[in-house]
């Protein structure tokens, strides 16, 4: 059983509000919620485009420095590099979706091997643990050498699980990445859509996996 991480199992915990508090604490100034939200959107866009470059501590630090600089630039603020990193670190925290832990428990009760397959950096295992998510195998695009929708990242997860593609199921939230990539690797796919009007053929909660697992 394969799961995507961001948007499927975990999400950012109130990033704009956390950034407001971080700027107040470390820079002694106030920013609006709208300013914070726009700065975090810019940071996340940059992160998504470059997360696969952060394969070790040195390259992760470089990416974090870039992201911290983007946040301060969007806010029109200045700080030394160490303070900028403190601001970013305080703004970034992850929480599990309410259905994630229960869904993983259902999977575990059925004796199914589980992996997370996600575009992300080398800190992904720690991000999952910080949100209370424990899985046996974590494959991120930075250390895995391929990013979704490349089927190679899914194939690597299957090798680590020692599971055949025909016996696997992948659950993710982005059809263009999770759906196309997993199907190219020969894996069945379920897309979770938590929007108010879920698309046809999707599930609205990870708990909807229960009848499929039977």
_Separation of the residue 112 and residue 34 label points, Cα + 7 Å toward Cβ, nm_ = 4.5 nm
*Any chance you could give the angle, 0 to 90 degrees and rounded to 10, that helix 33-50 forms with the longest Cα principal axis of the chain?*
50 degrees
_Between segment 165-188 and segment 47-109, the Cα center-to-center distance that results, in Å_ = 25 Å
*Please identify, among 29, 143, 202, the residue showing maximal mean-square fluctuation in a Gaussian network model of the chain using a 10 angstrom Cα cutoff.*
29
*What order, most packed first, do the peptides 193-201, 18-26, 149-157 have when packing is the mean number of other Cβ atoms within 10 Å of each residue?*
149-157, 18-26, 193-201
*Which of [x] 1.14; [y] 1.07; [z] 0.95 is the computed Cα Rg over 2.2 N^0.38 Å for the structure on display?*
[y]
*Could you check which residue among 76, 172, 144 shows the biggest mean-square fluctuation in a GNM of the chain with a 10 Å Cα cutoff?*
76
*asked:* Explain nothing, just the number: relative contact order of segment 13-94, from Cα pairs under 8 Å at least 6 residues apart, as a whole percent.
replied: 41 percent
*Over all directions, what mean area does the Cα convex hull of segment 13-94 project, stated in square nanometres?*
4.8 nm²
*Taking the Cα atoms only, what angle lies between the long axis of helix 15-27 and the longest principal axis of the chain, rounded to 10 degrees?*
30 degrees
*Theoretical gain in end-to-end length, residue 59 to residue 130 [0.36 nm per residue, Cα-Cα removed]*: 23.4 nm
*Relative contact order (%) - criterion: Cα under 8 Å, at least six apart; region: the chain*: 23 percent
*Using a Gaussian network model of the chain whose springs link C-alpha atoms within less than 10 Å, name the residue from 66, 30, 180 with the highest mean-square fluctuation.*
30
*Added length on full extension, which subtracts the Cα-Cα distance from 0.36 nm per residue, residue 102 to residue 176*: 24.0 nm
*Once the piece of chain linking residue 166 and residue 204 is laid out straight, how much longer is it, given 0.36 nm per residue of separation minus the C-alpha distance between them?*
11.2 nm
*Roughly how many nanometres apart are two label points built 7 Å out from the Cα toward the Cβ at residue 66 and residue 195?*
2.9 nm
*Of all DSSP beta bridges located in the chain, what percent are antiparallel, nearest 5?*
20 percent
*Evaluate the distance, in nm, between pseudo-label points positioned 7 Å from the Cα of residue 41 and of residue 14 along their respective Cα→Cβ axes.*
2.1 nm
*Going by average Cβ neighbours within 10 Å, how do the peptides 56-62, 111-117 rank, with the highest at the top?*
111-117, 56-62
*Folded to 0 to 90 degrees: helix 151-161 orientation relative to the chain principal axis, Cα*: 70 degrees
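Any read-out appearing in this document is the output of simple, stated calculations on the displayed coordinates, not a laboratory observation. It should be emphasised that the depicted structure is a prediction, and the values quoted were computed from it without experimental measurement. A quick note on method: Cβ atoms are made from the backbone with ideal geometry, for glycine too, and the neighbour counts reach across all protein chains shown.
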